[in-house]
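Q: Next up is a structure, given as structure tokens.
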Amino acid sequence: MNRLPADPTVLHPFPDLPRVVLLKPLVASPLIEVGEYSYYDDPEDPTAFETHNVLYHYGPEKLVIGKFCALGTGVRFIMNGANHRMDGPSTFPIMGGSWAEHFDLLSGLPGKGDTVVGNDVWFGYNTMVMPGVRIGHGAIIASGAVVVDDVPDYGIVGGNPAKLIRTRYTDDEIARLLALAWWDWPAEHLTENIRTIMSGTINDLEGIAPLA
């Protein structure tokens, strides 16, 4: 049996399933950081993730996505460049021709900081994440959710605007999971313990934690 870990540098982890791409070897923008094994699934063109799914990304704010995140078809990250002025009579971003002389009215808009996604986050179909949001480790974003506020570790959110439905574990259990941080374990150790990581209890996970 092949006991080698999965290769995080391969664009298509399933050669016969081109709709799935690993994001770390795909993204080229210095404004996007993605951890190993996080993937995007799209039957149309998953390799267009940077242009189709990360919108209005002119910087300097970054999009940071952790390891082992699962991004369903149609997930969108709206970045700070989408902002319009709201302190005057019109929100329209006047542009083009001599109007470009007034571009300072747009370039000086305040940003909301980086958009940061933790490790092991699952995004359902057609979810949207607004600028500056922070999504905790182990969270689940329900299909169609529009995330406008931070999501706690191991929280499940849904709706528009997204609200916390429940957390997957108690506060004490979440603290134990965060202390374990299985996503940082060596790939070889993950390979030997995949079934426990996917379907075991927290006690089981603690029992297989590698020695420091």
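The values are calculated or read from the model by the stated rules, or taken from the named source; none is laboratory data. Values in this document were obtained by computation on a predicted structure and should not be read as measured data. Methodologically, a virtual Cβ is constructed for each residue, glycine included, from the backbone with ideal geometry; neighbour enumeration extends over all protein chains shown. When the accessible area is computed, the model is the full protein with side chains, heavy atoms only, and any ligands, DNA or RNA have been set aside. Shrake-Rupley method; radii C 1.70, N 1.55, O 1.52, S 1.80 Å.
Q: For Lys24, go through the lysines and keep the ones whose alpha-carbon is under 19 Å away, minus same-chain ones fewer than eight residues off.
A: Lys62, Lys67
Q: Computed from the mean reciprocal separation of all distinct C-alpha pairs, what Kirkwood hydrodynamic radius does segment 26-166 have, in Å?
A: Numbers: mean 1/r = 0.0631 Å⁻¹.
One decimal place: 15.9 Å for the Kirkwood radius.
Q: Based on the mean of other Cβ atoms within 10 Å per residue, sort peptides 62-71, 197-206 so the most packed one is first.
A: 62-71, 197-206
Q: Mind giving me the FRET efficiency for Glu188 and Tyr125? R0 is 41 Å, r the Cβ-Cβ distance, nearest 0.05 is fine.
A: Once rounded, the FRET efficiency stands at 0.80.
Q: Per residue of segment 55-62, in order, report the coupling 6.51 cos²θ - 1.76 cosθ + 1.60 (Karplus, θ = phi - 60°) as ³J(HN,Hα) in whole Hz, putting x for Gly and Pro.
A: So the J values, rounded to whole Hz, are 10, 6, 9, 9, x, x, 5, 10.
Q: Could I have the simple spin-label model distance between Ile165 and Phe92, label points 7 Å from Cα toward Cβ, reported in nm to one decimal?
A: Once both label points are built, they end up 4.1 nm from each other.
Q: Please report the carbon-and-sulfur percent of the accessible area for segment 72-182; probe 1.4 Å, protein heavy atoms only, DNA, RNA and ligands left out.
A: Here it works out to 57 percent.
Q: Can you give the Kirkwood hydrodynamic radius for segment 32-71, in Å, rounded to one decimal and based on Cα pairs?
A: 11.1
Q: Same structure again: In Å², and per residue, what accessible area does the chain have when probed at 1.4 Å with the other protein chains present?
A: Result: 57 Å² per residue.
Q: Going through segment 1-55, which GluC sites (Glu not before Pro) have at most 15 other Cβ atoms within 10 Å and a DSSP loop state?
A: Glu44
Q: Which of the lysines could be linked to Lys163 by a straight reach, that is with a Cα gap under 23 Å, when you skip same-chain ones fewer than 8 residues away?
A: Those lysines meeting the cut-off are Lys112.
Q: Dividing the Cα convex hull volume of segment 86-212 by residue count, how many Å³ per residue is that?
A: Spread over its residues, the Cα hull of segment 86-212 gives 177 Å³ apiece.
Q: Further question on the same structure: Can you say what percent of the DSSP beta bridges in segment 11-145, counting only those with both residues inside, are antiparallel? Round to 5. Before the final figure, lay out the partial values.
A: Details: 3 of 21 bridges.
Looking only at bridges with both residues in segment 11-145, the antiparallel portion is about 15 percent.
Q: To the nearest 20 debye, what charge dipole does the chain have about its Cα centre, counting +1 at the Cβ of each Lys and Arg and -1 at the Cβ of each Asp and Glu?
A: Rounded to the nearest 20 debye, it is 300 debye.
Q: Which FRET efficiency value, to the nearest 0.05, is calculated for Thr47 and Glu206 with the Förster distance at 25 angstrom and r the Cβ-Cβ distance?
A: 0.05
Q: Using only Cα atoms, find the angle between the long axis of helix 171-180 and the longest principal axis of the chain, and express it within 0 to 90 degrees, rounded to the nearest 10.
A: That works out to roughly 80 degrees.
Q: Can I ask one more? Post the alpha-carbon centroid distance, segment 139-210 to segment 46-118, in whole angstrom.
A: Using only Cα atoms, the two centres lie 28 Å from each other.
Q: Further, regarding this structure: For a quick check: with amide H placed at 1.01 Å from N, whose amide H comes under 5 Å from Val54's, ignoring anything fewer than 5 positions away on the same chain?
A: So Val54 has HN proximity to Phe77.
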